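Participant: So that we are looking at the same thing, I have put the structure below in C-alpha cells.
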Amino acid sequence: MYVCLCKSVTDHTIRRAVDNGLSSMRELRQEYGVASQCGCCKQCAKEVLSEAVQKRNARFAEQSMLPTTVCYT
C-alpha cells in the first residue's frame, strides 16, 4: 500500500529500509522524503516504521538466543 503519495513510498519500501538499517522518521524523511510535503502520511508512516522496527528487533533477539555451534579442531 502507498504510505506517501507525494513521494510514492510504499509500506514495503519502509519495511525494506528498516531491514537495511533505517530506524527513525528522520532517516525515513531524509532517505525517501516521507512526510516532507503535505504531511498527510506522517502518522501512517510512523506506524509502519514502528511495526517494522519492532519486528526487526524481535528477529535479532531471537537470532541471538539460538544456540551456536562451536567446532574445535
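Participant: Going by what's in this entry, would ALA17 be described as assigned to a helix (DSSP H, G or I) and at pLDDT below 95?
Facilitator: Here the answer is no, as ALA17 does not meet what is asked.
Participant: Can you run down the residue pairs with Cβ atoms below 7 Å, 6 or more apart or on separate chains, where the first is in the range 26-42 and of a type in the set (Asp, Glu) and the partner is assigned to a helix (DSSP H, G or I)?
Facilitator: Filtered contacts from the range 26-42: GLU31/ALA17.
Participant: Just the residues that are buried (at least 16 other Cβ atoms within 10 Å of the Cβ) and farther than 24 Å from ALA58 by Cβ, please, taken from the range 20-32.
Facilitator: Correct list: ARG29 only.
Participant: Would you mind telling me which numbered condition in (1) touching a helix residue (DSSP H, G or I) at 6+ places or on another chain (Cβ under 9 Å); (2) assigned to a loop (DSSP other than H, G, I, E, B) VAL3 fails?
Facilitator: Unmet for VAL3, out of (1) touching a helix residue (DSSP H, G or I) at 6+ places or on another chain (Cβ under 9 Å); (2) assigned to a loop (DSSP other than H, G, I, E, B): (2).
Participant: Only one of ALA17, ALA35, ALA52, ALA45 is surrounded by 18 or more Cβ atoms within 10 Å (Cβ to Cβ) and on the phi > 0 side of the Ramachandran plot; which? Quick ask: steps written out before the conclusion?
Facilitator: Details: ALA17 fails: on the phi > 0 side of the Ramachandran plot; ALA52 fails: on the phi > 0 side of the Ramachandran plot; ALA45 fails: on the phi > 0 side of the Ramachandran plot.
Only one candidate passes the filter, namely ALA35.
The values are calculated or read from the model by the stated rules, or taken from the named source; none is laboratory data. Every value quoted in this text rests on a predicted model; they were computed, and no experiment measured them. Here Cβ is always computed from backbone atoms with ideal geometry, including for glycine, and neighbour counts include all displayed protein chains.
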